[in-house]
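The values are calculated or read from the model by the stated rules, or taken from the named source; none is laboratory data. If you're wondering where the values come from, they're calculated on a predicted model, not measured in any experiment. Cβ placement follows ideal geometry from the backbone for every residue including glycine, while neighbour counts extend to all protein chains displayed.
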Amino acid sequence: MQSLDVQKRSATTTASPQVRVAEEPVAKLIDISKCIGCKACQVACMQWNDLRDEITSHPGYNNPVDLSDQSWTVMRFAEVEGKDGRLEWLIRKDGCMHCEDPGCLKACPAPGAIVKYANGIVDFVSENCIGCGYCIAGCPFNVPRISKKDNKAYKCSLCSDRIAVGQSPACVKACPTGSLMFGAKDEMVARGAKRVNDLKERGLAQAALYDPPGVGGTHVMYVLPRGDRPDLYGLPVDPKISPWVSLWKGITKPLLAIGLGLAVLGAFFHYVTRGPKEEEPGGKS
Amino acid sequence: MTNHWVDIKNADLILIMGGNAAEAHPCGFKWVTEALEHRKAKLVVVDPRFTRSAAVADYYAPIRVGTDIAFLGGVINYMLANNKVHMDYVKAFTNASFLIREDYDFKDGLFSGYDEAKRSYDKTTWAYQLDKEGYALVDETLENPRCVWQLMKSHFSRYTPETVEKVCGTPKDQFLKVAEMIGSTSTPDKVMTICYALGWTQHSKGSQNIRTMAMIQLLLGNIGRAGGGVNALRGHSNVQGITDMCTFSANLPGYMVAPTDADTTFADFAARRTPKPLRPNQMNFGQNFPKWFVSLQKTWYGDAAVKENDWAFDWLPKRDGAYDVMDTFERIHQGKINGFIMQGFNPLAALPNKKKVGSAMAKLKWLVVIEPLKTESSEFWKNYGELNNVKPEDIQTEVIRLPAGCFAEDPGTFTNSGRVIQWHWAGAEPPGEGKSDREIIGQIFTRLRAAYAKDGGKFPDPILKLTWAYANPAHPSAEELLREINGRALKDVTDPKDPTKVLVTAGQQLPGFAMLRDDGSTACGNWIYCGVWSQAGNNSARRDASDPSGIGNTLNWGFAWPANRRVLYNRANTDPKTGQPWDPKRAGIRWTGSAWAGNDIPDIAPALGPDSGAGPFIMTAEGVARLFSLGGMAEGPFPEHYEPFETPLGVNPMHPNNPKVVSNPAARVFKSDMGSFGKADEFPYAATTYRLTEHFHFWTKNVELNAIVQPVQFVEIGEDLAKEKGISNGQMVKVRSNRGEIKALAVVTKRMRALDCGGKKVHHVGIPIHWGFVGVAKPGYLANELTPYVADANTQTPEYKAFLVNIEKA
C-alpha cells in the first residue's frame, strides 16, 4: 500500500518509504470466549477481497475446510473432552497472525514480494511473488497458500487497504458478537488482559492472551479461555521461525547466490563459446 | 418477546432452551455476550445437542427431544420445594390465591372434560369459583386446597429430579445444577431471561412448553422486569409483523379472534370477545374490543360500514372450521381446494411430510407462485431424480410464476422479535420483470374488482365496497399502507369526560389506540400498531439511539407496539404496595405519588396507583397473570408432559398405564395421518430438525457465499451411535422415517450423546434443514421428507422437532 510506510521488504536492501508521521502499531484481538463460529468474518473477507472459494462436498461446520488462496480466514472447530467428561467445542478463527518478526518475509527470496508496514501489518505484494513457497516454510502458523490459478502466495492482508483509509478490517466490521476487535496494539493488549481477568473471575483459571514472544509478538492476538493449551485450538504453543529460514538467510543464501553467480557466468561462457540458440526450422514460435 | 433484544443485556442469568440463539440469531446474540461481559451474567444452555450456544455457555445440560415440559415441571417442583419463589410478586401479581371450581380435576394424565372422539376438552370446569357478582373467590393465605397455589403444588410434585432424569435423560446432578441456577433468580435483585425459538414451538405441545416457562418466570417474579420476560426469538426478520397483521386465518389484525359460524351478528360476536371483569377495580383492557374491531371495519369498508349494517360484519368470512396451513393442505389433499396462491411461501420445503404435500399440490388445477426466485414448490412437478421423483406427465397443475422483488428491493417495515417496528428503505429496484408484492396484490385486486363490477356475482359487496383509496390503486405505496394501518380520525374525536374538548381533529392521524372509538368516528387497520404513523410522522423511521434509561429502552428508535412500550407488564417491575422498583438500578417505571412514569411507557393507566388495586396484567379480566390458565389452552390449564407423537419410549413415563395419554390427547392430528406415524421398533432413534448459522431457511442455498461456507447436506450423530451402526465421519447415510427417506453425509460428533431414559438408551439424529433441489449449494433432500404431519392444538405448528427415524450406511 503506497499510503502506508514500509518497515521491511523481502530480499531487498534499498531503503523503504519512511516519510510519514509515525504510524502506531495496530492489532486485531480475537476473543474466543465470545466467538460463536458464525463465519460472518469469513463471508465478509471473501466479499471485501473479491474471493470465492469452492462449493465443496465436505460436510459439517469446518467449511471451507482449510485456508486457501480464496479463503484467507476459516473457522476451526475442535471438540475437546475434559477430564470430568464435560465437553468443550473450541472454535477458532484461523488466518495470518501478522508476526512482528515475520518468518515469511525472512524466508522470501523475491524482492518486495512481502512487506511489513510500519503499523505491523505483513502484506503479500502479489505482483512480486515468484511462487517459490518459501513463505510457507517460513511461517510458524502454516498460513500462506499458493494459488493453483496464478502460482502466487496469498493470505490475510489484515485489510491493509481498509486500514490505510481508517477503516477496520472487514472481518471485524462483520463480527456480530464483539469477538473481533481492532485498534492500537497496546490498547488491544490492555483489552485482552481485561478479558483474561474477566474469564479468570468466571472460573476459567487458565485463560490467557496469546501474543507469542517467539515471533516478537503478533498483530493478531487471541484471548484463549484455555490459555494453558493453545494446541487444543490448533495453535503452536511456542511458535518460532524455523531454524532453516535463518540458515537460508544467514549462510545458505550467500552460498546460493554464489552458486547462482557461477551459473550465470557459466551461461555467459557457454554463449561466448557456442553462440545464441537458433530456432529449428519449422519449430514452434 | 415480552421484552426486547437490547434488554437481554440487563439479565443476570440467560437460559437458552428450545432454541439456539448463537446459531440462529447471531446478531441478537451480541446482547448475550454484552450481559456476560458487563453484568457478569451466566449463560445456561439446555439442548439435545451441544450447540454453538453451548460452546460459549457457563453450563450445558442435555435433554431428550420433546421432554421440555418434564424438565421445566421439575424446575417448578424444585422451586416450590426449596422456596425459590418471589412470594410477594406471586401473591400480588398472579392468580395463585384464586379458587378453582370443585369439579376441576386431573386424573391419569387427563384433565376434566375430555372428549376422546373429538380429541378436545370441554373446558367448563377449568374455571374460578365466582361470587354473586361474577368475581373470582380468592384465599390470600394460599391454604385453601382449591386455590391455584395448592393445585399447582400438587400437580408438579410428581416432577421429581428422578422423574426428570427418567423422562428427559438429563442426569440428575446436571438437572439440579440448572434448577439451582434458575432458582437463584427468585430474589428481587436477580433477574433471569429465557430465549427460546422453534425448539419449543415445533412440538405437538409447543404452546405448553412456553407456558411452563412463563409459569417459572412468574414464580421467580421475572415478568415485566428489565432483563427478564419470556422471549421468543423470531426466525424471520418480519415474522413478528406477519403474526401481528393476521396472516393466520383464525385472527384479525392485532390478535382479535376472527368470527366463526357461531357469530351470526355483530352483537353476538362482540359479546363473545369482550371479557367481563373477574375481579373488581381491574383495567380489563379487553373490554375495548368493540373499539378496535369497529375501527378495523371502518378501515376496510369506510362509509359502507355503518351501525345500521353491523359495521359490515356480514362481509367478513365466518370460519366453519380451521383454515390454518396444516388444515388447508389437508383440504387440498382431499381435493376440496383446487386453486392456490403462494406468496413468500415454499410449502413443499416448509411443511411436514413432503410426500403428502407434493401429492396434494399435484391435485391443484392451478398454482400461482409469487417469489423472487425459483423454489422447490414452484418446481414440485419437475423430476429431480431421487430428490423429487415425480412424473411430470401425471401432474396437470398449471403453475404460474410471478416474479417478485425481495425485501431489499422494497421499502416498508420490519417488526422484530422485540415488537419494534422499523422502517426500511429500498436498496435497489427488482431486476427484470420483478414487481413488488404490493404491486402484484394491487394488480390482482383491481382486476378482480373490475371483474365483479362487470359481471356481478353471488356476493360482490365485500370486494366492491372494500376501501382501496390509494393514489395508484394498482400499486399502493408502503407509506400509504402504514398510514392506513395506524389509522385516522374520520370525525372529530372528543374527550369522553368532556365532549366539547376535541382530542383529534377529523382527518388527522391517530396518536394511539386510546383514541379508538366504537361509534364509527375512527379508522385503524391494526389497533396494536396505532401510533406508528401519528401526526408526528413515520415513527417507525426514527433512528435516535440515545438511551437516557441506561437499560436500552431507546424510546425514540422506531416504534414498539403497543404504544411504544418496550417491556410488557412493566408495572410488575415494582413492589405491589409502594410502586417502587424491585431493583432501582434496573427500573422500568415507578409510581411518583401521582402517576406512573420512568424509562418506559407504563403498561397501566397512568393514574392507577398502588392503592387502586389494579393489577399489572391488564390483558386478563382479573388483572393478574394466570398460573392456572383457565380455558386459554387446548390441552389443559396446567402443562403436563406428553410424549412426541413418535416416541422412542412407546409409553408416557408419567402415565405408563394410560395408553390414551402417551401423546398430547388434544393435539391436532388428521385421521388420514394416524397411520403415518412410526414406532420405535422399526425407527428407534429420536430425530430433530434445525437450522445452521450459515443458511437462512431454504433461501440462501441460492447464494454462492452461503453455499461456500455450508455447501452440502449432512446429518449429525453421536460417536456411540456411529460405532453401533459402523458409520464413519463423512460417510453417506440413509435416514428413514415412516414417511420417507433422505441421504446425506454423516457428521459424527461428541456433541450428541446417548441419553439414559429410565434404563432405555436414546440416541439422537440431528437433521439440518437447509438443502433442497434448487439453488447453488450442492443439491440435497428436503428434510421434511421425514417429518410427521401433526401439530400443536393451539397454534397448529407442526412437530418438526421430535420424531423417529432409522439410520444406516447408504
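Can you name the condition, by its number, that A:CYS139 falls short on among (1) touching a Phe, Trp or Tyr at 6+ places or on another chain (Cβ under 8 Å); (2) surrounded by 24 or more Cβ atoms within 10 Å (Cβ to Cβ); (3) away from chain B (no Cβ under 14 Å)?
(1) is the only condition that A:CYS139 fails.
When you check B:ALA707 against the structure, is it touching a residue at least 40 places away in the same chain (Cβ under 8 Å), within 14 Å of chain A (Cβ to nearest Cβ) and outside any strand (DSSP E or B), yes or no?
Details: touching a residue at least 40 places away in the same chain (Cβ under 8 Å): yes; within 14 Å of chain A (Cβ to nearest Cβ): yes; outside any strand (DSSP E or B): yes.
When the stated conditions are applied, B:ALA707 passes them.
Could you run through region B:4-23 and say how many residues are assigned to a helix (DSSP H, G or I) and more than 10 Å from chain A (Cβ to nearest Cβ)? Step through it out loud before you land on a result.
So in region B:4-23, the residues assigned to a helix (DSSP H, G or I) come out as B:6-10, B:21-23.
Checking which are more than 10 Å from chain A (Cβ to nearest Cβ) leaves us with B:6-10.
Looking only at that region, the number is 5.
Any chance region B:671-689 includes a residue that's within 14 Å of chain A (Cβ to nearest Cβ) and either free of Cβ contacts under 8 Å to residues at least 12 places away in the same chain or assigned to a strand (DSSP E or B) (or both)?
Here is the first cut: in region B:671-689, the residues within 14 Å of chain A (Cβ to nearest Cβ) are none.
The answer is no; no qualifying residue exists.
Quick one: in region B:550-568, of everything that is in a loop (DSSP other than H, G, I, E, B) and touching a strand residue (DSSP E or B) at 6+ places or on another chain (Cβ under 8 Å), which residue is surrounded by the fewest Cβ atoms within 10 Å (Cβ to Cβ)?
From region B:550-568, those in a loop (DSSP other than H, G, I, E, B) are B:550-556, B:558, B:561-568; that's our starting set.
Next, from what is left, pick out any that are touching a strand residue (DSSP E or B) at 6+ places or on another chain (Cβ under 8 Å): B:558, B:561, B:566.
On the way: B:GLY558: 25, B:TRP561: 22, B:ARG566: 27.
Looking at residues that are in a loop (DSSP other than H, G, I, E, B) and touching a strand residue (DSSP E or B) at 6+ places or on another chain (Cβ under 8 Å), I get B:TRP561.
What number of residues within region B:589-622 satisfy the criterion of being closer than 21 Å to B:LYS91 by Cα, part of a loop (DSSP other than H, G, I, E, B) and touching a helix residue (DSSP H, G or I) at 6+ places or on another chain (Cβ under 9 Å)?
Filtering region B:589-622 down to residues closer than 21 Å to B:LYS91 by Cα leaves B:589-591, B:603-604, B:608-622.
Now narrow it down to the ones that are part of a loop (DSSP other than H, G, I, E, B): B:603-604, B:608-609, B:613-622.
If we keep only those that are touching a helix residue (DSSP H, G or I) at 6+ places or on another chain (Cβ under 9 Å) too, we end up with B:603-604, B:608, B:614-622.
The number of residues fulfilling the criteria is 12.
Working only within region B:39-80, note down all residues that are within 12 Å of chain A (Cβ to nearest Cβ) and aliphatic (A, V, I, L, M).
Correct list: B:ALA41, B:LEU43, B:VAL45, B:ALA54, B:ALA55, B:VAL56, B:ALA57, B:ALA61.
Looking at A:GLY192, A:GLY203 in this structure, which one is farther than 14 Å from A:CYS41 by Cα, touching a residue at least 40 places away in the same chain (Cβ under 8 Å), of a type outside the set (A, V, I, L, M) and within 14 Å of chain B (Cβ to nearest Cβ)?
Working: A:GLY203 fails: touching a residue at least 40 places away in the same chain (Cβ under 8 Å).
On inspection, the qualifying residue turns out to be A:GLY192.
Let's see how each residue does on (1) touching a residue at least 40 places away in the same chain (Cβ under 8 Å); (2) surrounded by 21 or more Cβ atoms within 10 Å (Cβ to Cβ); (3) over 12 Å from B:VAL709 (Cα atoms); (4) out of contact with any strand residue (DSSP E or B) (no Cβ under 7 Å at 6 or more places or on another chain):
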| position | (1), (2), (3), (4) |
| --- | --- |
| A:ILE32 | yes, yes, yes, no |
| A:GLY37 | yes, yes, no, no |
| A:VAL43 | yes, no, no, yes |
| A:ASN63 | no, yes, no, yes |
| A:ARG92 | yes, yes, yes, no |
| A:ALA107 | yes, yes, yes, yes |
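Being more than 24 Å from the chain's Cα centre (by Cα) and part of a loop (DSSP other than H, G, I, E, B) is the filter; apply it to region B:525-547 and report the residue that is nearest to B:PRO511 (Cα to Cα).
Restricting attention to region B:525-547, the residues satisfying the condition of being more than 24 Å from the chain's Cα centre (by Cα) are B:533-539, B:541-547.
Filter once more, keeping what is part of a loop (DSSP other than H, G, I, E, B): B:535-536, B:542, B:544-547.
Details: B:GLN535: 7, B:ALA536: 8, B:ARG542: 16, B:ASP544: 19, B:ALA545: 22, B:SER546: 22, B:ASP547: 23 Å.
Ranking the candidates gives B:GLN535 first.
Could you list, in sequence order, the residues of region B:710-737 that are within 17 Å of A:VAL74 (Cβ to Cβ) and either touching a Pro at 6+ places or on another chain (Cβ under 6 Å) or free of Cβ contacts under 8 Å to residues at least 24 places away in the same chain (or both)? Before you say what the answer is, go through the steps one by one.
Within region B:710-737, the first condition is being within 17 Å of A:VAL74 (Cβ to Cβ), and the residues that meet it are B:710-712.
B:VAL712 - this is the single residue of region B:710-737 that is within 17 Å of A:VAL74 (Cβ to Cβ) and either touching a Pro at 6+ places or on another chain (Cβ under 6 Å) or free of Cβ contacts under 8 Å to residues at least 24 places away in the same chain (or both).
Within region B:51-61, is even one residue at pLDDT 95 or above and within 15 Å of B:PRO639 (Cβ to Cβ)?
Here is the first cut: in region B:51-61, the residues at pLDDT 95 or above are B:51-61.
Still in the running and within 15 Å of B:PRO639 (Cβ to Cβ): none.
The answer is no, given that none of the residues of region B:51-61 is at pLDDT 95 or above and within 15 Å of B:PRO639 (Cβ to Cβ).
Which one of the conditions (1) surrounded by fewer than 24 Cβ atoms within 10 Å (Cβ to Cβ); (2) outside any loop (DSSP other than H, G, I, E, B) does B:ALA746 fail to meet, given that it meets all the rest?
Evaluating B:ALA746 over (1) surrounded by fewer than 24 Cβ atoms within 10 Å (Cβ to Cβ); (2) outside any loop (DSSP other than H, G, I, E, B) leaves (1) as the failure.
For region A:149-161, what are the residues that are in contact with a Lys or Arg (Cβ under 8 Å, 6 or more places away or on another chain) and of a type in the set (D, E, K, R)? Walk me through it before giving the result.
Applying the first criterion (in contact with a Lys or Arg (Cβ under 8 Å, 6 or more places away or on another chain)) to region A:149-161 yields A:153-155, A:158.
A:LYS155 - this is the single residue of region A:149-161 that is in contact with a Lys or Arg (Cβ under 8 Å, 6 or more places away or on another chain) and of a type in the set (D, E, K, R).
Identify the single condition in (1) within 22 Å of the chain's Cα centre (by Cα); (2) part of a helix (DSSP H, G or I); (3) not hydrophobic (A, V, I, L, M, F, W, C) that B:GLN297 does not satisfy, given that it satisfies every other one.
Going through the list (1) within 22 Å of the chain's Cα centre (by Cα); (2) part of a helix (DSSP H, G or I); (3) not hydrophobic (A, V, I, L, M, F, W, C), B:GLN297 breaks only (1).
Okay, residues lined up against (1) within 13 Å of chain B (Cβ to nearest Cβ); (2) more than 28 Å from A:GLU23 (Cα to Cα); (3) aliphatic (A, V, I, L, M); (4) without any contact (Cβ under 8 Å) to a residue 40 or more places away in the chain:
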residue: A:ILE146; (1), (2), (3), (4): no, yes, yes, no
residue: A:ILE163; (1), (2), (3), (4): no, no, yes, no
residue: A:ALA174; (1), (2), (3), (4): yes, no, yes, no
residue: A:PHE182; (1), (2), (3), (4): no, no, no, no
residue: A:LEU199; (1), (2), (3), (4): yes, yes, yes, no
residue: A:ALA208; (1), (2), (3), (4): no, no, yes, yes
residue: A:ASP211; (1), (2), (3), (4): no, no, no, yes
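Would you call B:VAL90 among the β-branched types (Val, Ile, Thr) and within 23 Å of B:ASP575 (Cα to Cα)?
Values: among the β-branched types (Val, Ile, Thr): yes; within 23 Å of B:ASP575 (Cα to Cα): yes.
Yes.
Restricting to region A:34-82, what's the tally of residues that are among the charged types (D, E, K, R) and within 10 Å of another protein chain (Cβ to nearest Cβ)?
Within region A:34-82, the subset among the charged types (D, E, K, R) is A:34, A:39, A:50, A:52-54, A:66, A:69, A:76, A:79, A:81.
If we keep only those that are within 10 Å of another protein chain (Cβ to nearest Cβ) as well, we get A:34, A:39, A:52-54, A:79, A:81.
Total satisfying the criteria: 7.
Answer yes if at least one residue in region B:382-396 is farther than 18 Å from B:LEU786 by Cα and touching a helix residue (DSSP H, G or I) at 6+ places or on another chain (Cβ under 7 Å), and no otherwise.
yes
Give me a count of the residues in region B:280-294 that are surrounded by fewer than 22 Cβ atoms within 10 Å (Cβ to Cβ) and part of a loop (DSSP other than H, G, I, E, B). Please lay out each step first, then the result.
To start, the set of residues in region B:280-294 that are surrounded by fewer than 22 Cβ atoms within 10 Å (Cβ to Cβ) comprises B:280-281, B:284-291.
Going one step further and asking which of them are part of a loop (DSSP other than H, G, I, E, B), we end up with B:280-281, B:284.
Summing the residues that are surrounded by fewer than 22 Cβ atoms within 10 Å (Cβ to Cβ) and part of a loop (DSSP other than H, G, I, E, B) in region B:280-294 gives 3.
Do you know which of the residues in region A:152-202 that are in contact with a Pro (Cβ under 7 Å, 6 or more places away or on another chain), part of a helix (DSSP H, G or I) and charged (D, E, K, R) is surrounded by the most Cβ atoms within 10 Å (Cβ to Cβ)?
Step by step, filter region A:152-202, then rank; the result is A:LYS185.
Any residue in region B:298-312 that is at pLDDT 95 or above, closer than 26 Å to B:GLY615 by Cβ and crowded, with 22+ Cβ neighbours inside 10 Å?
Here is the first cut: in region B:298-312, the residues at pLDDT 95 or above are B:298-312.
After this cut, where a residue has to be closer than 26 Å to B:GLY615 by Cβ as well, the list is none.
Within region B:298-312, not a single residue is at pLDDT 95 or above, closer than 26 Å to B:GLY615 by Cβ and crowded, with 22+ Cβ neighbours inside 10 Å.
Go through the residues of region B:333-353 one by one and say whether even a single one is at pLDDT 95 or above, charged (D, E, K, R), touching a His at 6+ places or on another chain (Cβ under 9 Å) and under 28 Å from B:ALA667 (Cα atoms).
Within region B:333-353, none of the residues are at pLDDT 95 or above, charged (D, E, K, R), touching a His at 6+ places or on another chain (Cβ under 9 Å) and under 28 Å from B:ALA667 (Cα atoms).
Would you be able to say whether some residue in region B:773-789 is assigned by TED's automatic domain parsing to the domain that holds B:LYS679, surrounded by 24 or more Cβ atoms within 10 Å (Cβ to Cβ), within 30 Å of B:ALA634 (Cα to Cα) and among the aliphatic types (A, V, I, L, M)?
yes
Given the options B:SER728, B:SER672, B:SER663, name the one that is under 30 Å from B:ARG119 (Cβ atoms) and either among the acidic types (Asp, Glu) or at pLDDT 95 or above (or both). Give the derivation first.
On the way: B:SER728 fails: under 30 Å from B:ARG119 (Cβ atoms); B:SER672 fails: either among the acidic types (Asp, Glu) or at pLDDT 95 or above (or both).
The conditions single out B:SER663.
Would it be correct to say that B:PHE698 is touching a Phe, Trp or Tyr at 6+ places or on another chain (Cβ under 6 Å), hydrophobic (A, V, I, L, M, F, W, C), in a loop (DSSP other than H, G, I, E, B) and more than 14 Å from every other protein chain (Cβ to nearest Cβ)?
Values: touching a Phe, Trp or Tyr at 6+ places or on another chain (Cβ under 6 Å): no; hydrophobic (A, V, I, L, M, F, W, C): yes; in a loop (DSSP other than H, G, I, E, B): yes; more than 14 Å from every other protein chain (Cβ to nearest Cβ): yes.
So B:PHE698 does not fit the description; no.
Of a type in the set (Gly, Ala, Ser), more than 9 Å from chain B (Cβ to nearest Cβ) and assigned to a strand (DSSP E or B): is that true of A:ALA22 in this structure? It would help to see each step written out before you state the result.
Values: of a type in the set (Gly, Ala, Ser): yes; more than 9 Å from chain B (Cβ to nearest Cβ): yes; assigned to a strand (DSSP E or B): no.
No; evaluated as a whole, the condition is false for this residue.
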